[in-house]
Amino acid sequence: MQIGIVGKPNVGKSTFFKAATLAEVEIANYPFATIKPNVGVAYLKQKDIAREFGRISNPRDGFVLGESRFIPVQMIDVAGLVPGAHEGKGMGNQFLDDLRQADVLIHVIDVSGSTNNKGEPVGPGTHNPANDIKFLETELDMWYLAILGKGWEKFSRQVMHDKGKITVALAKQLSGLKVNEEIVEYAIKKLELDIEKPDGWTSDNLKDLAILLRKITKPMIIACNKVDVSCGKQNFDKLKDDFPDIILIPVSSESELALREAAKLSLIKYIPGEKSFNIKEPSEMNDKQIAALKFIQESVLNQFEFGTGVQETINQAVFNLIKYIAVYPGGATLQDKDGNVIPDCFLMPPNSTALDFAYRIHTDLGKGFIRAKDIKKKLTVGKEHLLNNSDVIEIISSK
Ligand SMILES: Nc1nc2c(ncn2[C@@H]2O[C@H](COP(=O)(O)OP(=O)(O)O)[C@@H](O)[C@H]2O)c(=O)[nH]1
Ligand SMILES: [Mg+2]
């Protein structure tokens, strides 16, 4: 699971990324090898499932804070995109390439309107943030179209000639973008294109196909950042009216970063996503720090439904937009042989079954699958049983 952070320059992508990947606890081992500096580990927040059994879990990856369990996900901070990136403007395609493997995108915008098209600072309210939502979608669509259109004529004739399947060929061409045959077939059907005669598709057909494939494989949630700046709240309310079909979250990344840094220094007690914090060491803080925290409490946490919005954005991207579920392996005792309570957690795509889960834990468990148990409901279930978010499942296997 990889989350990509996208947007034009100066909107606060890196601040969002820094806040999201800063954990209060020391993390001993990361579940992902971080190859590049712009790749980090962020966390989904979920009620600690062990609490339902009167226990506290001991995650192998991630951690528990208060009543919540934080589940690791990979996050990538992509450098700023400017209009025309798909034609190579700015750093162009290089940045787009960074996004290939992302399962879901968080598009950070400056909702206060104080960053223009090119990413230069302007007075709050000067720039209309609605334009940013459209421009980024267009950039990604055009990038997909360019890959799709590369040598299209020759390619479609070839497929016709060899009686090959266009779905196979297209899925192969776009495989780096997480497009597969099933998705291509679905998109072709939905657009009512003639699957047998791709050489008859018009350039508009191709464009529609690129847009649909992009929408399916790079779904986007909007982090309306800098809500703490003047005009932020009004602009956010207006965007919500103008884009009823898009998930928009009011965000102040800078506030989240300040809170996590203070928590890391043990100055305050703050659990990401909460609407308040406690000052632990007032004597160790200067007036400026106290004033900054007071501002965050009054102008951000008290004003917005989701506090600073950073945690909510990550959670909604994964649990709401692409509807992944967190599933925990566990038997009757809930412990592994070393006494760790529900140590593991797997993020599974929607419609995953008990058998999918068995295979995900280990191929042998899948091959030898006999039955599974829903530990919370105390129910025995079969291969086809559909899993839900925060299920605890035991797999009984012959291997
Ligand atoms: N007021 C305010 N400023 C922010 C917020 N997030 C980022 N900034 C500021 O916006 C500027 C650009 O941030 P940065 O993260 O480098 O943007 P990037 O170019 O998109 O990665 C910096 O001066 C940040 O301090 C926020 O939530 N509120
Ligand atoms: Mg940056």
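Of the GluC sites (Glu not before Pro) found in region 187-292, those that fall in a DSSP loop while having at most 13 other beta-carbon atoms within 10 Å are Glu192, Glu196.
The mean sequence distance of close C-alpha pairs (under 8 Å, at least 6 residues apart), as a share of the length of the chain, puts its relative contact order at 16 percent. Amide H to amide H distances under 5 Å link Asp48 with Ser68, Arg69, where only residues 5 or more positions off or on other chains count and H is placed in the peptide plane.
The HN-Hα couplings worked out from phi for region 138-145 by the Karplus form 6.51 cos²θ - 1.76 cosθ + 1.60 (θ = phi - 60°) are 4, 4, 5, 4, 5, 5, 4, 4 Hz, whole numbers, x standing for Gly and Pro. One decimal place: the segment Ala291-Lys150 gains 45.2 nm when fully extended, by the rule 0.36 nm per residue minus the C-alpha distance. Identify, among Met220, Gly200, Ser252, the residue whose Cα sits farthest towards the positive end of the charge dipole of region 182-318, taking +1 on the Cβ of Lys and Arg and -1 on the Cβ of Asp and Glu, with the dipole about the Cα centre. So the residue furthest toward the plus end is Ser252. The string of couplings for region 301-312 from the Karplus curve (6.51, -1.76, 1.60, θ = phi - 60°) is 4, 6, 8, 10, 3, 10, x, 6, x, 5, 5, 4 Hz, one whole number per residue in order, with x for Gly and Pro. Shape class of region 323-397 from the alpha-carbon gyration tensor: rounded, with the ratio a/c of largest to smallest axis under 1.5. Every helix of 4 or more DSSP H residues in the chain counts as -39500 (n - 2.57), and over all residues that averages to -9500 deg cm²/dmol at 222 nm.
Of the residues Pro350, Asn320, Gly309, the one whose Cα sits farthest toward the positive end of the charge dipole of region 286-399, with +1 on the Cβ of Lys and Arg and -1 on the Cβ of Asp and Glu, is Pro350. Applying 1/(1 + (r/R0)^6) with r as the Cβ-Cβ distance of Glu196 and Ser276 and R0 = 51 angstrom yields a FRET efficiency of 0.25. Taking each of Lys264/Lys377; Lys47/Lys367; Lys13/Lys165; Lys163/Lys189 in turn, the alpha-carbon distance tops 29 angstrom for Lys264/Lys377; Lys47/Lys367; Lys13/Lys165. The amide H of Asp391, built 1.01 Å from its N in the peptide plane, has Tyr328 as neighbours under 5 Å, considering only residues 5 or more places off or on other chains. Computed from the C-beta positions of Asp237 and Asp97 and an R0 of 25 Å, the FRET efficiency is 0.10 to the nearest 0.05. Measuring nothing but alpha carbons in region 141-216 and taking Rh as the Kirkwood radius, the Rg to Rh ratio lands at 0.91. Extension gain for the segment Gln335 to Ile247, taken as residue separation times 0.36 nm less the Cα-Cα distance, is 27.9 nm to one decimal. Extending 7 Å from Cα along the Cβ direction at Thr380 and again at Val25 yields two label points whose distance is 3.6 nm. Near Gly368, the amide H atoms lying under 5 Å from its own belong to Ser398, Lys399; only residues 5 or more places off or on other chains count, and H is placed 1.01 Å from N. What you get for region 323-397, charging only the Cβ of Lys and Arg (+1) and of Asp and Glu (-1), is a dipole of about 220 debye around the Cα centre. Counting only DSSP beta bridges whose two residues both lie in the chain, roughly 60 percent are antiparallel. Can you bin the chain into rounded, prolate or oblate? Criterion: square roots of the alpha carbon gyration tensor eigenvalues sorted a ≥ b ≥ c, rounded for a/c under 1.5, prolate for a/b above b/c, oblate for the rest. The shape class here is oblate. Label-to-label distance for Val122 and Tyr359 is 5.1 nm, based on points extended 7 Å past Cα in the beta-carbon direction.
In this Cβ point-charge picture (+1 for Lys and Arg, -1 for Asp and Glu), the chain has a dipole of about 740 debye about its Cα centre.
Coordinate-derived values only; no laboratory data. Every value quoted in this text rests on a predicted model; they were computed, and no experiment measured them. Positions of Cβ are backbone-derived with ideal geometry, glycine not excepted, and every protein chain shown enters the neighbour counts.
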